Amino acid sequence: MNTNSSNIMALAPNTSNKRETVCIFGTGDFGRALGHKMIQCGYPVVYGSRSTQISNLIPKDAEVLSHAEAAQKAAIIIVAIQRQHYNFLMPLAEILRGKVVVDISNNLKLNQYPESNAEYLAQLLPGAKVVKAFNTVSAWALQSGALDASRQVFVCGDDTEAKQMVMNIVRALGLTPLDQGSLLAAQGIENYPLQLFPMWKFPIFLSLGLTVFFFFYCLALDVIYTYIYEKNNFSFFIAITIPNRICPVMALILLALVYLPGVLAAIIQLYRGTKYRRFPDWLDKWMLCRKQLGLIALAFASLHAVFTLASPLRAFVRWRTSKGIISQALNNITEPLDNTSAWLSDSYLALGIIGFFFFVLVGITSLPSVSNSVNWREFRFVQSKLGYLTLILCTAHTLVYGGNWFLNPSAYRWYLPNIYMLSLVVPCIVLVAKFVLVFPCVDKPLTQIRQGWERNPKYSE
């Protein structure tokens, strides 16, 4: 008897995996895309619409009913309409009582209304369990499947069970839910998609400021100075020469600025003797935008590589080369190969090529699609160990490029150093400080501090 019962249970279909019916109010782009994705994942979907006529745009397996009929068939209602059209929900208040109502709307500007759209919806429907979700995912991403850049879905609500039901749907769609707490967090969630590269502002403004400064610096030394004192019109340097000097300088400085906050953080922890005190706000913000600084540095390094490859095509380079050949022919002399110069030339090129290779490797590893496929130790090895190796190679590339020019008085026009000399200041500071921090007498107490040891435990509060 027991054996037969167990066999019957094994052969019976598993009804626990059956998806609950989901109602979607709104047949716009996002409502249709979300419904199509849910149907693919096994959810029965019913649309609530003013017109119950089946449209070719509606997913074919979905049902279209009036708002009231659709709401009665589902326990979860997704409101895919804008805030100004919420008033039609007021006559449905009794039908929606006790049901989970998901608000997915966004606004046109930051803090457009005194309260969030989700909180406003909760005021209109006091008996419903309002949850904010899906507003950070685009209809295009749902339709095309390109969800790598927008896989996270922020979820908030006052009812824990309702939030869990919505988060289960998010997971079933192949997305990652992030619980942001109560409905009070909805304002921030709605503002999030309206922020234009929030972590990029400081890196972009810093890069623009330094680029403008170095442009005028090079313009003064390479164009204005030569025109005044040497009577040469090198104004065409603005097109290729000056950008090809600015790009490597910016790449090296920004790369150094990626690792400088880590060095400063280590020094602060050593000074305080604890890791349980917050860093200054400026340092916290600096550390949060290191990835963006590194990617901008990689962009400048890539431009430098392209400009360098294009240099032999320039008329100025061809003219200077032919002038040297003609001068040797007219004077009936052949300048011997300078092995020292050849070694310096090949060395700085080799260091630049290898440094750029590691630069690209570190940049690729920072991409979400790549970083998600490696574990933390592998990610840290690439970003830290190979990152510092990249900084060393690029700094050495600049040092070898300078050669003896550091000691040549003619290199200091208007008593100002060349631009590549300025680019070495920050990287050398970072590398020297890091070299000191790796000494056992310094590294050992720093490691202990980062593992929880404190010099003075009173700061652990």
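The table below gives the values:
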quantity	calculated
Segment 351-377, residues that are in contact with a helix residue (DSSP H, G or I) (Cβ under 8 Å, 6 or more places away or on another chain) and of a type in the set (A, V, I, L, M, F, W, C)	Leu351, Ile354, Phe356, Phe358, Phe359, Val360, Leu361, Val362, Ile364, Val370, Val374
Yes/no for Ile24 being at pLDDT 85 or above, surrounded by 20 or more Cβ atoms within 10 Å (Cβ to Cβ) and either not in a loop (DSSP other than H, G, I, E, B) or not aromatic (Phe, Trp, Tyr) (or both)	yes
Residue ranges of helices (runs of 4 or more DSSP H) in segment 228-336 with at least 3 members more than 19 Å from the chain's Cα centre (by Cα), of a type in the set (Val, Ile, Thr) and under 30 Å from Ile449 (Cα atoms)	241-272
Residue match in segment 370-383 (condition: in contact (Cβ under 8 Å) with a residue 24 or more places away in the chain and of a type outside the set (A, V, I, L, M))	no
Segment 191-214 - residue that is of a type in the set (A, V, I, L, M) and in a helix (DSSP H, G or I) and, of those, most open to solvent (accessible area, probe 1.4 Å)	Leu208
The listed residue being assigned by the TED database to the domain that holds Val258 and open to solvent by 40 Å² or more (accessible area, probe 1.4 Å), out of Tyr229, Tyr217	Tyr229
Selected residue [hydrophobic (A, V, I, L, M, F, W, C), without any contact (Cβ under 8 Å) to a residue 40 or more places away in the chain and assigned to a helix (DSSP H, G or I)] from Val400, Val432	Val432
Selected residue (criterion: surrounded by the most Cβ atoms within 10 Å (Cβ to Cβ)) from residues of segment 448-461 that are part of a helix (DSSP H, G or I) and over 29 Å from the mean Cα position of the chain (by Cα)	Ile449
Selection status of Thr136, surrounded by fewer than 19 Cβ atoms within 10 Å (Cβ to Cβ) and either touching a strand residue (DSSP E or B) at 6+ places or on another chain (Cβ under 7 Å) or among the acidic types (Asp, Glu) (or both)	no
Any hit, segment 162-179, residues being assigned to a loop (DSSP other than H, G, I, E, B) and surrounded by fewer than 17 Cβ atoms within 10 Å (Cβ to Cβ)	yes
Subset of segment 256-295 [among the aliphatic types (A, V, I, L, M), under 30 Å from Tyr401 (Cα atoms) and open to solvent by less than 10 Å² (accessible area, probe 1.4 Å)]	Ala256, Val263, Leu293
Meets criteria (closer than 21 Å to Val137 by Cα, modelled with pLDDT under 90, assigned by the TED database to the domain that holds Arg151 and open to solvent by 90 Å² or more (accessible area, probe 1.4 Å)) for Asp29	yes
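The values are calculated or read from the model by the stated rules, or taken from the named source; none is laboratory data. Worth saying up front: this structure is predicted, and the values here are computed from it rather than measured. For neighbour counting, all protein chains shown are included, and Cβ atoms are generated from backbone atoms with ideal geometry for every residue, glycine included. Surface areas here come from the heavy atoms of the whole protein model, side chains and all, with no ligands, DNA or RNA. Shrake-Rupley method; radii C 1.70, N 1.55, O 1.52, S 1.80 Å.
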